Amino acid sequence: MGMLSPSMMCAQIDELRTYLRAFEKNGIEYLHIDVMDGCFVPNLMLGTDYVKQLRKLTNIPLDVHLMIVEPEKKIPWFDFQPGEYVAVHYESTKEWRKCLEMVRATGAKALATINPPTPVSVLEGVIDVIDGVLVMTVNPGFAGQKAVPETIQKIADTRELLKKHGKGDLPIEVDGNCSFEMAPKMREKGADIFVCGSSSVFTKAMPLDEAIAKFRECVK
Ligand code: DX5
Ligand code: ZN
């Protein structure tokens, strides 16, 4: 069964509590928080205060996606908690392994994160210090983009690489254009956790509960 991690940057601030209650009622597994610094990606989004305040509003564990430069200096700012996922980009630091170890030292789970152009082979260097992989299916920075076609096969390639190292049971999260149409293809290639954004859970085409139920059908 695939797990859902709705992208909270897609949630209008005046509807936040409504979304949280609906997510709790529907057993949503994680909340995806896109932290953007305007340097690593050309956008500014959600920060340390948002993360800390959101923890007080719900018990759903956070899935924090760090799209920031020098994460090694900023990871302590978030007070990460056991049970949370923290995604650190290969492309964002010269100290990727150290960052993943820093995340684990907080008790949180470390997601090695790779952008569309980055080969899955880079995972070889950190496979012993991760709790999962985040395969970006879009170039990060904005919601509403279309998936980069080549990234769908990368999901299967990632699973193969994990298996080769005896880590075949680690979760693979996918982020970007996890639509009702694309999600079954991503699931079929081995994705476990789906960042649901503008093209699924936050769609305006149907009520929220209906969109969640429909997406769960897509990733059974
Ligand atoms: C993009 C973010 C994604 C985005 C997903 O940089 O990492 O989490 O919010 O939004 P959609 O599903 O619309 O691509
Ligand atoms: Zn994200």
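Of the DSSP beta bridges with both residues in the chain, give the percent that are antiparallel, rounding to the nearest 5.
5
Calculate, for region 14-153, the solvent-accessible area per residue in square angstrom, rolling a 1.4 angstrom probe over the heavy atoms of the protein chains.
Here the per-residue accessible area is 43 Å².
Of the peptides 98-104, 20-26, 35-41, 165-171, how do they stack up when ordered by the mean number of other Cβ atoms within 10 Å, highest first?
Going from most to least packed, we get 98-104, 35-41, 20-26, 165-171.
Once you put a point 7 Å from the Cα of Arg21 and another 7 Å from the Cα of Lys52, both along the Cβ direction, what distance in nm separates them?
Label-label distance for Arg21 and Lys52, simple model: 2.8 nm.
Report the gain in length on full extension from Glu181 to Ile13: 0.36 nm times residue separation, minus Cα-Cα distance, nm rounded to one decimal.
Gain on extension, Glu181 to Ile13, equals 57.8 nm.
Averaging the inverse of every distinct alpha carbon separation and then flipping it gives the Kirkwood radius. What is it for the chain, in angstrom units?
17.1
Roughly to the nearest percent, how much of the accessible area of region 3-218 is carbon and sulfur, given a 1.4 Å probe?
Solvent-exposed carbon and sulfur of region 3-218 make up 54 percent of the total.
Provide the FRET efficiency to the nearest 0.05 for the Glu150-Asn43 pair, computing r from the beta carbons and using R0 = 22 Å.
Computed FRET efficiency for Glu150 and Asn43 comes out at 0.45.
Take Lys204 and His165, extend 7 Å from each Cα along the Cα→Cβ direction, and tell me the distance between the two endpoints in nm.
Rounded to a tenth, the inter-label distance reads 4.3 nm.
Kindly provide the helix-only [θ] at 222 nm of the chain, computed as the sum of -39,500 (n - 2.57) over DSSP H runs of four or more divided by all residues, to the nearest 500 deg cm²/dmol?
The helix-only estimate for the chain comes to -9000 deg cm²/dmol at 222 nm.
The values are calculated or read from the model by the stated rules, or taken from the named source; none is laboratory data. The structure presented is a predicted model; accordingly, all values stated were derived computationally and were not measured. Ideal geometry is used to build each Cβ from the backbone, glycine not excepted, and the neighbour counts take in all protein chains shown. Calculation scope for accessible area: heavy atoms of the full protein, side chains included, ligands and nucleic acids excluded. Shrake-Rupley method; radii C 1.70, N 1.55, O 1.52, S 1.80 Å.
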